[in-house]
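These notes concern the structure reproduced below.
The values are calculated or read from the model by the stated rules, or taken from the named source; none is laboratory data. Note that this is a predicted model, so its numbers are computed, not measured. Cβ sites come from the backbone with ideal geometry, for glycine too, and all protein chains shown count toward neighbours.
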Amino acid sequence: MDEVRYRSVQLYKVLGNPLRRKILDELAAGPAHPLMLARRTGRVLCAVSRALGILHAADLVEYRTEGNGVAYALKRPDVLALLRHAEAFVRRAARQAVGPSPARGSGP
């Protein structure tokens, strides 16, 4: 497997986690502290911190210290377009799988 394909597979693994996805959606609105993200996502702080660490290692978010705390922000906002594209793909596939609905009351 070439390097680009390998990295894209790794990226999709990172993006496939619901909490990490939710954090990216929250950060789309602007920088946030881990505790704020924990409250918004309804998850415990340690889970949010772990997810942020994975997103940071994937080079998707960055952080800066602010006084005694740390604020995270999207480093690669273009990842949101990738996620929207994937969601549109899934919606189209679901519509195609369902197909047109039969008329009510008509039988074989």
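Some observations on this one:
- Scanning the stretch 93-105 finds no residues that are at pLDDT 95 or above and among the hydrophobic types (A, V, I, L, M, F, W, C).
- Enumerated helices (runs of 4 or more DSSP H) restricted to the stretch 1-86, each holding at least 3 residues that are surrounded by 14 or more Cβ atoms within 10 Å (Cβ to Cβ) and either modelled with pLDDT of 95 or more or in contact with an Asp or Glu (Cβ under 9 Å, 6 or more places away or on another chain) (or both): 18-27, 34-41, 45-57
- Qualifying residue in the stretch 28-37 (condition: in contact (Cβ under 8 Å) with a residue 60 or more places away in the chain, under 11 Å from the mean Cα position of the chain (by Cα) and closer than 28 Å to Glu66 by Cβ): no
- Of the criteria (1) in contact (Cβ under 8 Å) with a residue 60 or more places away in the chain; (2) over 21 Å from Val90 (Cα atoms), which one Arg21 fails: (2)
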